[in-house]
Every structure is written in C-alpha cells, then in structure tokens.
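Below you'll find the structure, written out as structure tokens, and then a few comments.
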Amino acid sequence: MIHRGGARRTNCGPRPKGRFGEAAQFFRSWTEKPMQMGSVTPSSRILSKVMASHVDPASLGPVVEIGPGTGPITQALVERGVAEERLVLVEYSPEFCDLLARRFPKASVVQGDAYALARTLDGKLGGKAAAVVCGLPLLTRPEAQRLDLLAQAFTLMQPGAPFVQFTYSLTSPIPTRNAFFTWKASPRIWRNVPPARVWAYTQLPRK
C-alpha cells in the first residue's frame with residue numbers, strides 16, 4: 001500500500017531487473033538529486049545489518065524507516081525478524097516508493113517529506129513506534145533541522161525507543177551539546193564503502 005497525500009497508487013511501471021537494476025535506479029536518482037541521496041550507492045549489507053541490530057523484533061508497535069531508497073536496510077530489518085506488516089517506509093521519491101511497494105508488499109509505503117515527519121505520518125501509524133531507522137544524509141541539512149527531525153521522531157516513538165542513523169562522518173550527525181537524548185555509536189564499519197558508523201539516540205526521560 002502506498003500513501004500519497006491520502007491517495008493509493010497501484011500502477012508501478014516497469015520493474016528493475018534484480019539488484020543491478022535497483023543499483024542503476026539508485027545511481028540515476030543520485031545523479032539527479034545528490035544532496036538528497038548522500039551516497040552514490042545503496043547501503044551495504046553489513047551496514048544494513050548493524051542498523052537493523054538496534055531494533056528488537058520482539059518489540060510491539062510499528063517500525064518506521066525514513067529514506068529507505070531501494071530497501072537494503074528494510075531487507076535487513078525483515079531478515080532480523082521484524083514482521084513486514086510492521087514496517088512503515090517513508091520515502092520522498094515516487095520511483096523508490098513504487099520499487100519498495102513491489103519488494104515489500106506487506107509494508108506500508110508513505111510518499112512524503114521525512115523532515116516534516118509528524119505531518120507526513122499523521123494518522124498512518126496506528127500506535128507509538130518501536131523504532132525509527134533513518135537512512136537520510138543528515139549532514140547535508142542545518143543543525144537545527146536535524147535536531148527538529150529527531151524531536152519529531154521522539155513524539156512518534158515509545159519511551160526508550162531508538163532513533164537509528166548512520167553517517168560517514170567521524171562525529172555524531174546530530175549535535176550532542178545540550179542534548180535532550182542519550183546516544184551510542186558503533187565501531188567504524190570499514191567494509192562499507194565509504195566506511196560508516198551507526199549511531200542510536202534515545203530520548204532522555206522527561207522530568
């Protein structure tokens with residue numbers, strides 16, 4: 001199911017042939033919108049597995065992924081044991097939405113702006129999220145916008161639920177000074193090209 005401003009679209013167009021076709025589609029999208037994509041290639045399998053490892057498949061509630069692209073992290077979430085029906089995939093590109101709907105027909109695909117996450121997901125979750133997994137290139141955005149995205153995500157999540165993000169930078173992609181959250185970072189993932197690190201953020205308990 002694809003949500004586009006409340007409409008459902010079923011005409012998905014021609015289907016890319018296997019991973020080569022998906023990679024080619026990803027590269028074409030990157031050449032058109034490099035600041036939105038952040039990388040010339042989809043996330044590697046090892047990076048995707050590390051991202052997915054922060055999500056407890058036994059948890060309750062939806063799992064939101066923002067910026068899934070062609071779905072490598074989505075696939076890692078499914079392989080980890082997260083039921084496909086629990087996945088809510090927020091993607092800006094209509095082409096990627098169509099691809100995701102074919103690859104993960106039981107997931108809910110929402111076409112919209114992830115940086116307006118609360119509005120994009122209004123009425124589409126059916127409960128507080130167990131996790132938000134983010135594949136967006138946050139460092140291309142101003143600090144205030146990154147912090148706002150995290151704050152929006154926390155309003156949609158259960159207490160203690162993680163916001164999971166990867167970055168090619170050595171430092172946190174979300175500013176940690178005067179933080180309203182705790183964080184932890186993975187070791188550098190050298191087998192990813194380029195090398196990456198995964199950060200998980202959790203909202204501090206409200207006083």
Förster radius 30 Å - calculated FRET efficiency between SER169 and ARG119 (Cβ-Cβ, nearest 0.05): 0.60
In µm²/s, what is D for segment 34-163 at 10 °C and 1.306 mPa s, where D = kT/(6 pi eta Rh) by Stokes-Einstein and Rh is the Kirkwood radius from Cα pairs? 109 µm²/s
Report the full-extension gain for the segment THR155 to GLU95: residue separation times 0.36 nm, less the Cα-Cα distance, to one decimal in nm. 18.7 nm
How big is the equivalent ellipsoid of segment 162-207 along its three axes, where each semi-axis is √(5λ) from the Cα gyration tensor, reported in whole Å from largest to smallest? 23, 10, 7
Just add up the charged neighbours of HIS54: K/R +1, D/E -1, any other residue whose Cβ is under 13 Å from the Cβ of HIS54. +2
Excluding residues fewer than 8 places away in the same chain, name every one of the aspartates and glutamates whose C-alpha is closer than 18 Å to that of LYS184. ASP56
Theoretical FRET efficiency, 1/(1+(r/R0)^6), r = Cβ-Cβ of ASN178 and SER59, R0 41 Å, to 0.05: 0.90
I'd like to know how segment 122-207 sits against the 2.2 N^0.38 Å rule of thumb: what's its Cα Rg over that expected value? 1.11
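In debye, nearest 20: dipole of segment 73-149 around its Cα centre with unit charges on the Cβ of K, R (+) and D, E (-)? Walk me through the numbers before you get to the answer.
Details: 10 positive and 10 negative charges, 40 e Å.
It works out to roughly 200 debye.
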Of the accessible area of segment 142-207, with the probe set at 1.4 angstrom, what percent is carbon plus sulfur? 59 percent
Express in whole angstrom the spacing between the alpha-carbon centres of segment 161-179 and segment 181-207. 6 Å
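The values are calculated or read from the model by the stated rules, or taken from the named source; none is laboratory data. Since the structure is predicted, the reported quantities are computational estimates derived from the model, not experimental observations. Don't worry about glycine lacking a Cβ; one is built from the backbone with ideal geometry, like all the others, and counts go over all protein chains shown. Each accessible area value is taken on the protein alone, full model and side chains, heavy atoms only, with ligands, DNA and RNA left out. Shrake-Rupley method; radii C 1.70, N 1.55, O 1.52, S 1.80 Å.
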